[in-house]
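A.B. asks: Mind having a look at this structure? Questions to follow.
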Amino acid sequence: MRMPETLICTTSEMYYTKKFMKNEVVVTRKGQTTIPAKLRMRHKIEEGTRLEVIDTEEGILFRPRKSTIDLAGSGSEYATPEEMKKLLDRIREEDV
């Protein structure tokens, strides 16, 4: 029976691997890839979910875009729904 190889890494490498999940995917001829199922479930990505594609110095970042449903209630600390409606109506009148 063969013994498994010993894993040697620094503390920062161990922290990195615990904090971030590494996965390898393949890019097709058309530039498409598949996001691993565990990540799709963890980040609630399903068919039709829009993703932001951000070019960073470290590589490409795919991040779920916030929808209007996600933003619902985000202004509740600033105004009541009635006040917000009045404000929107006033802004719309100014645009005409």
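A.B. asks: Tell me which residues, restricted to region 57-87, are of a type in the set (S, T, N, Q) and under 14 Å from the mean Cα position of the chain (by Cα).
C.D. replies: Hit for region 57-87 is Ser67, nothing else.
A.B. asks: Which ones in region 38-92 are touching a Leu at 6+ places or on another chain (Cβ under 9 Å), assigned to a strand (DSSP E or B) and surrounded by 10 or more Cβ atoms within 10 Å (Cβ to Cβ)?
C.D. replies: Of the residues in region 38-92, the ones touching a Leu at 6+ places or on another chain (Cβ under 9 Å) are 45, 52-55, 62-65, 79.
From what is left, the residues that are assigned to a strand (DSSP E or B) are 52-55, 62-64.
Across region 38-92, the qualifying residues are Glu52, Ile54, Phe62, Arg63, Pro64.
None of the figures in this text is laboratory data; all of them are computed from the coordinates on show. As the structure is a prediction and not an experimental result, all values here were calculated from the model. Positions of Cβ are backbone-derived with ideal geometry, glycine not excepted, and every protein chain shown enters the neighbour counts.
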